[in-house]
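This report concerns only the one structure given below.
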Amino acid sequence: MADSIAFDTSEVRALAADISRSVTRVAPEVRKVILVGAMKIKKQMRAEMGSSQSFRGTAASIDFDMRGNAFYTEAVIGPKVGSGEKGGLAGIAYFGNSRGGGTVADPVGALNTETPHFERALLDVLGSLLS
Amino acid sequence: MKAEVAAVKALLTGLHTVHEVTASGTLTYPYYILWSSTGNAPVERSVRSETTDIDDYVGVTTVGLTAGSVRDGAAAARAALCPSGLPSSLTVTGRVAVLTFSEARPIQADMDVSLVSGARVLYAVDLYRLVSTPA
């Protein structure tokens, strides 16, 4: 009877290494998917803000920034505020003030519209890991 | 959406004055502004979903003269709409309507409104997700 147990993990390690390489390979593709999704969300948010008689001047301030490194990527989308920017009124457009509620569609609508397309594109990229 | 908003309004009535969409005239603080769209449909529909399905947000703006009164007013609204912080069923004939607290926006001063005393009016927005389907 054996007095010890040994596991051969060499294949697991090989698989892990292979996936690590694959992740590095797909990272630029994931970044592209996020970039396309962000552009579509920005376009819808600009259209919704632009259709407001009161806040159309704020539409051009809606933009996005891509952030990330080798391990993650994110897009931050919304009206730019601060010196020289015209996005300061967006808060009132979306959420109103003490005299009335928001009059421009909540950005979550644009996010929800894009989410199924984004998920599908991301799955396609991740599916390439297995092919 | 009309019936759902009316059900939300009924829950808030008795706490403070509830204005729909806009507040004007002589105002007594604190008060609520209840606002929403006319009712958006779910983004992803199942094959059996009805065209009358609603998946949207309802905004409750609490307006007061102090940050404390805004906090208290918002907390009272939240307790009435979603007791114990849990999703709640609205009483809407022929519909299954569920309201869930979603997001609280920061309390801020309304720089466009000042009282005779020079004080600023404060307000905060709470968003509630409303999902309503035929019963």
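Residues in region B:5-22 that are hydrophobic (A, V, I, L, M, F, W, C) and closer than 17 Å to A:R99 by Cα: B:V18, B:V21.
Among the criteria (1) under 11 Å from B:L127 (Cα atoms); (2) within 13 Å of chain A (Cβ to nearest Cβ); (3) in a helix (DSSP H, G or I), the one B:T61 does not fulfil is (3). For region B:12-29, a tally of residues being within 9 Å of chain A (Cβ to nearest Cβ), of a type in the set (S, T, Y) and more than 13 Å from the chain's Cα centre (by Cα) returns 1. Restricting attention to region B:107-135, the residues being of a type in the set (A, V, I, L, M), touching a residue at least 24 places away in the same chain (Cβ under 8 Å) and either assigned to a strand (DSSP E or B) or crowded, with 16+ Cβ neighbours inside 10 Å (or both) number 8. Scanning region A:75-104 for residues that are more than 7 Å from every other protein chain (Cβ to nearest Cβ), touching an Asp or Glu at 6+ places or on another chain (Cβ under 7 Å) and buried (at least 20 other Cβ atoms within 10 Å of the Cβ) gives A:Y94, A:V104.
Taken together, the values in this text are just the output of simple stated rules run on the coordinates, not laboratory data. On a predicted model such as this, the values are computed, not experimentally measured, just so you know. Positions of Cβ are backbone-derived with ideal geometry, glycine not excepted, and every protein chain shown enters the neighbour counts.
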